[in-house]
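Encoded as structure tokens, the structure appears first; notes follow it.
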Amino acid sequence: MKIEEIKTIVKLMSDHDLTEFKIEAEEYNLCIRRGGNAPTQILTHVAPAPVAAVAPASTPAASNPVAMPEAPAQEAAETIDSPLVGTFYRASSPDAKPFVKIGDKVTADTVVGIIEAMKVMNEIKAEKSGVIKEIVVENGQPVEYGEALFVIA
């Protein structure tokens, strides 16, 4: 993808108040996020196999007042976030027990899951201490960088 095409996508996102644009093709994956006063973030990487294109996501302006009351409740709880883009797995193999479940105590070094990215299995550590209160993503679900995986208290 050429830089001019990316610039055009960023301009269209700005013109139409889109917060995220994602496209996956044979040669590349492109994910562009923007929001509030933060600068536009562009993430790209080479895909290992052909994947179908995904429609862009947007947040309508009318939903912002609804999202505001929910934000303080979410800020009170800490989350364990995805450090990379990939497929999240709760266990080391399909027949193995999950690394953690709701109610488990974790420390910074506790492995809470695996993210497969580019055919490499990456162990995800909690990096925080607490008790697992909620498992946000399903086993085998694709995750984005920074997406909440677990809620801890």
Next item on the list: Mind counting the residues in segment 11-53 that are more than 20 Å from the chain's Cα centre (by Cα) and modelled with pLDDT of 55 or more?
Entry: 8
Notebook entry, point to check: Which one is farthest from Phe88 (Cα to Cα), of the residues in segment 108-153 that are over 18 Å from the mean Cα position of the chain (by Cα), not in a loop (DSSP other than H, G, I, E, B) and not hydrophobic (A, V, I, L, M, F, W, C)?
Noted result: Gly130
Margin query: Please go through segment 89-101 and give me each residue that is closer than 10 Å to Ile135 by Cβ and surrounded by 12 or more Cβ atoms within 10 Å (Cβ to Cβ), ordered by number.
Written below: Arg90, Pro98, Val100
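The values are calculated or read from the model by the stated rules, or taken from the named source; none is laboratory data. Quick caveat: nothing in here was measured; it's all calculated off a predicted structure. Virtual Cβ from ideal backbone geometry, glycine too; neighbours counted across all protein chains shown.
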